[in-house]
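The values are calculated or read from the model by the stated rules, or taken from the named source; none is laboratory data. Quick caveat, the model's predicted, so the values are computed rather than measured. No Cβ is skipped: glycine too gets one built from the backbone with ideal geometry, and neighbour counts run over all protein chains shown.
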């Protein structure tokens, strides 16, 4: 089960009525539903009280986002806010399901967020089903931008019926099913789930690794699945190296240093390992590529996942798109060269040369509460790591420190699990920090390096293995 990344949210812009306690709907003044929430804060004698206004579309969110402070009221509509949400019953139902029909029937309880769900049974059936309430929007309402909430023209026509959502049992063209938050449904399905899904690079890589093993004739075991989980090869790089980098050589012949960097990238295997210098150059380069459309779509959106599709597409086509001409060049291949030149300059101005990826790339694990306090140094943690943008062992770059020419990632697989379906039951797992939530404990982050290095803990299935652990807890009935 993974996040379906479907479009289940909408923003509705409201017109204020004569009173702050009302808004306009169908030419009528309608009162907000108003409730107060009290939050107890340690060290303060009185609770913090906030007032929440909700329209017929959902809660008003202006007070949450400073950029909305001086704008008309904006309401958030989300399936996760529906009354009488029964989503948790989906998982209780799954434990009792004994067939494909019983499995898919469980999703009648799921509202949001939507989920990609894989199915397998002892009769060798495999299946995929995307569950959750998917809005049926009216013509002209794509879900991409905020809509007018003054009337019902942007109201939903309902939600996609369960039988109308994409599902497949025992696909004809494949003996396995892969999902990695990517677009799973083929074009032309009856009900669209939106366009916010992750790019296909991770799912493509998983498929490549499975196909390699199948063609070799070797049977799969737990170690093979482990290798897939830890894979750091970049399919994004493969596509650029196939369609873009060879063309760049035509524009760098007169610049020996730049020519050497292009040649180095062309000869690289695309593995985002800690000791790779090309990985460093690649990530800084694609960061520059992603910024090409900054003038058109704004700095807040240029590093979104789907923007990589756009960048890759214009580079492959060697188009004369306006975003490339913004750099004062005639084609997007020339823009790619200029972006590489910028990346090299930024790196060398700080490091003198191209450093290894592990020297400049860190995965950060911020504490959800204490990261913005003086206790950050104790509560939050970080570690140098491999992996990169849309690798299977994902470490998408979320921040760049221009002064130190370093990159950080706050997106990583914080929990890994390997399930052994044989009679040996050699299950194993790993998570990123430690067994103790107390930041003063030695066990608070004891797993971090093991997690980074791809180690796993075995799941003990026998009593002797459990009793040999350093700590144990015994539950005794009253």
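Quick notes on this structure:
- Test: residue 79 is closer than 21 Å to residue 148 by Cα and modelled with pLDDT under 90: no
- Restricting the stretch 1-51 to residues that are at pLDDT below 90 and not in a loop (DSSP other than H, G, I, E, B), the residue that is farthest from residue 80 (Cα to Cα) is 2.
- Flag if residue 56 is in a loop (DSSP other than H, G, I, E, B), in contact (Cβ under 8 Å) with a residue 24 or more places away in the chain and surrounded by 11 or more Cβ atoms within 10 Å (Cβ to Cβ): yes
Results for (1) in a helix (DSSP H, G or I); (2) in the same structural domain as residue 282 (by TED's automatic domain parsing); (3) within 25 Å of residue 395 (Cα to Cα), shown as yes or no for each residue.
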site: 407; (1), (2), (3): no, no, yes
site: 435; (1), (2), (3): no, no, yes
site: 442; (1), (2), (3): no, no, no
site: 445; (1), (2), (3): no, no, yes
site: 452; (1), (2), (3): yes, no, yes
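- For residue 390, the requirement of being assigned to a loop (DSSP other than H, G, I, E, B), outside the structural domain of residue 296 (by TED's automatic domain parsing) and more than 27 Å from the chain's Cα centre (by Cα) is not met.
- Qualifying position, being on the phi > 0 side of the Ramachandran plot and at pLDDT 90 or above, among 148, 181, 170: 170
- In the set (1) in the same structural domain as residue 447 (by TED's automatic domain parsing); (2) without any contact (Cβ under 8 Å) to a residue 24 or more places away in the chain; (3) surrounded by 14 or more Cβ atoms within 10 Å (Cβ to Cβ), the condition left unmet by residue 380 is number (1).
Here is a yes/no grid of residues against (1) within 24 Å of the chain's Cα centre (by Cα); (2) over 25 Å from residue 418 (Cβ atoms):
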| site | (1), (2) |
| --- | --- |
| 177 | yes, no |
| 182 | yes, no |
| 185 | yes, yes |
| 193 | yes, yes |
| 203 | yes, no |
| 209 | yes, no |
| 218 | no, no |
| 223 | no, no |
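- Subset of the stretch 229-270 [free of Cβ contacts under 8 Å to residues at least 60 places away in the same chain and under 16 Å from residue 392 (Cβ atoms)]: 237, 238, 269, 270
Here is a yes/no grid of residues against (1) more than 25 Å from residue 135 (Cα to Cα); (2) touching a residue at least 24 places away in the same chain (Cβ under 8 Å):
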residue: 32; (1), (2): no, yes
residue: 35; (1), (2): yes, no
residue: 52; (1), (2): no, no
residue: 65; (1), (2): no, no
residue: 80; (1), (2): no, yes
residue: 86; (1), (2): no, yes
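- Filter pass, residue 119 being surrounded by 14 or more Cβ atoms within 10 Å (Cβ to Cβ) and part of a loop (DSSP other than H, G, I, E, B): no
- Residue selected from the stretch 82-116 under the condition over 26 Å from residue 10 (Cα atoms) and part of a loop (DSSP other than H, G, I, E, B), by the criterion nearest to the chain's Cα centre (by Cα): 97
- Residue check for residue 368: surrounded by fewer than 17 Cβ atoms within 10 Å (Cβ to Cβ) and not assigned by TED's automatic domain parsing to the domain that holds residue 254: yes
- Inclusion of residue 103 among residues that are at pLDDT below 90 and under 30 Å from residue 123 (Cα atoms) is not warranted.
- Filtered by the rule that a residue be closer than 26 Å to residue 90 by Cβ, surrounded by 18 or more Cβ atoms within 10 Å (Cβ to Cβ) and in contact with a helix residue (DSSP H, G or I) (Cβ under 9 Å, 6 or more places away or on another chain), the stretch 123-161 gives 127, 129, 130, 131, 132, 133, 134, 135, 137, 159.
- Residue in the stretch 277-296 that is more than 27 Å from residue 326 (Cβ to Cβ), modelled with pLDDT of 95 or more and not in a helix (DSSP H, G or I) present: no
- Residues of the stretch 32-51 satisfying the condition of being closer than 20 Å to residue 11 by Cα and either loosely packed, with under 15 Cβ neighbours inside 10 Å or in contact with a helix residue (DSSP H, G or I) (Cβ under 6 Å, 6 or more places away or on another chain) (or both): 33, 34, 51
- Failed item, numbered, when residue 414 is tested on (1) closer than 30 Å to residue 179 by Cα; (2) surrounded by 17 or more Cβ atoms within 10 Å (Cβ to Cβ); (3) in contact with a strand residue (DSSP E or B) (Cβ under 7 Å, 6 or more places away or on another chain): (2)
- So residue 198, is it under 30 Å from residue 159 (Cα atoms), modelled with pLDDT under 95 and either surrounded by fewer than 15 Cβ atoms within 10 Å (Cβ to Cβ) or touching a strand residue (DSSP E or B) at 6+ places or on another chain (Cβ under 6 Å) (or both): yes
- All positions within the stretch 252-271 that are touching a helix residue (DSSP H, G or I) at 6+ places or on another chain (Cβ under 9 Å), within 18 Å of residue 347 (Cβ to Cβ) and in a helix (DSSP H, G or I): 257, 258, 259, 261, 262, 263, 264, 265
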